[in-house]
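Since the structure comes first, as structure tokens, the remarks are kept for the end.
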Amino acid sequence: PPFVFCPPAVTSPCKILKCNSEFWAATSGSHHLGAEEAPEFCTALRAYAHCTRRTARTCRGDLAYHSAVHGIDDLMVQHNCSKDGPTSQPRLRTLPPGDSQERSDSPEICHYEKSFHKHSAAPNYTHCGLFGDPHLRTFTDTFQTCKVQGAWPLIDNNYLNVQVTNTPVLPGSSATATSKLTIIFKSFQECVDQKVYQAEMDELPAAFVDGSKNGGDKHGANSLKITEKVSGQHIEIQAKYIGTTIVVRQVGRYLTFAVRMPEEVVNAVEDRDSQGLYLCLRGCPVNQQIDFQTIRSAQASEGRARRKGPSLPAPPEAFTYETATAKCREKLPVEDLYFQSCVFDLLTTGDVNFMLAAYYAFEDVKMLHSNKDKLHLYERTRALTPGNTAPTGTHPTLWVALLCLCWLCLL
């Protein structure tokens, strides 16, 4: 069979997220300041530029890095800042109490339910989630456990793109978890400018890569907002102009993702032929799926999971099937697929944080799923439905190549 090489993305030493967060902390509320404080803003900008230069060598292929560099140049021109001068971080005053960035006069087009459905029924909302080692719940409520090592498109439509990078949890095993997440919100009418959000292990910013917390300078900018729920652990992005809510968490070392999105937005793609080339809609490719049912029976009889290929090395903290089951019941009393995923992950990784990842994934389902009768899933589809397979006649390696090409074209 033909060999297809799609290089997996590894955790990068690029520290652009640190530069972004430092600049945001230094200039929070600065766009409300008078002209007399412009020198302090310029000082912060120079510090920001200096930080990006320090990490330039390790950030050459990083989208967030290049976005930040161009953004700094634009801000330098807008504020008439000199590139030479002090770079110590200034302490700018924060917004006074009661001073809000909300714009009550945002155009109606920037509120999905008001604009898209003014004369029709309320939209149907769907949910997709990714957590653990990794477990995927698609927009059609299909539940899968996948390998998907490296970078994969999670969502790809006319309004936004989401890519995840999964890396091995233990050396020599096929257990992977999400170590990096990139979300691109595309520019939309008078509502929002293009915005990029990026998180990775030990870096869960409460701002976009350019340091902003909303959709930019357009009239409806606040129809896209980031809210920090728990510092370094939980952020929420509201994109009201497309009726979408995204929740990103860091649990232990790894990230979880959950989204609530209208079906109309889910299916808004220009190229119908490539509509299936993202995980939240079509699920994982057949050759990337793990037979959960077979492994679960092996777990019960052998005490820990065995995947296809070499046996896994002993995890740092060895769980038996009985102790893993007891541990998962502490947070997940209903023995649904979230519970089974928890048991699977404890046996596979030995990391108790994967129990919390399953717990929070289910908490996000309770918050985001529109059909409360479908919160718990109990049966995994053995025979894949047509929507979860590669296109008829397409070789699996070609399907993987198309996935890679699709994302490379986006970048």
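The values are calculated or read from the model by the stated rules, or taken from the named source; none is laboratory data. Bear in mind the structure is a predicted one, so any value in this text is a computation, not a measurement. We place every Cβ from the backbone using ideal geometry, glycine too, and count neighbours over all the protein chains shown. Calculation scope for accessible area: heavy atoms of the full protein, side chains included, ligands and nucleic acids excluded. Shrake-Rupley method; radii C 1.70, N 1.55, O 1.52, S 1.80 Å.
Just a few scattered comments:
- Subtracting the Cα-Cα distance of V352 and T320 from their residue separation scaled by 0.36 nm leaves 10.2 nm.
- Cα-Cα pairs of the range 109-282 separated by more than 22 Å (percent): 44
- Accessible area in the full protein assembly, largest first, 1.4 Å probe, for R54, R137: R54, R137
- Pairwise FRET efficiency - L375 versus K114, Cβ, R0 = 35 Å, nearest 0.05: 0.80
- Pair D202, K83: separation of 7 Å Cα→Cβ label points (nm): 3.2
- Length gained when the stretch Q238-E264 is fully extended (0.36 nm per residue, less Cα-Cα span): 7.7 nm
- If you take all other residues with their beta carbon under 11 Å from the beta carbon of I226, and give Lys and Arg +1 and Asp and Glu -1, the sum is +2.
- Exceeding the 30 Å Cα-Cα cut-off - candidates K18/K240; K114/K195; K18/K374; K114/K366; K147/K240: K18/K374; K147/K240
- Counting only protein chain heavy atoms and rolling a 1.4 Å probe, the accessible areas of H111, H127 rank, largest first, as H111, H127.
- Cα gyration tensor shape for the range 204-245, rounded if a/c is under 1.5, else prolate or oblate: oblate
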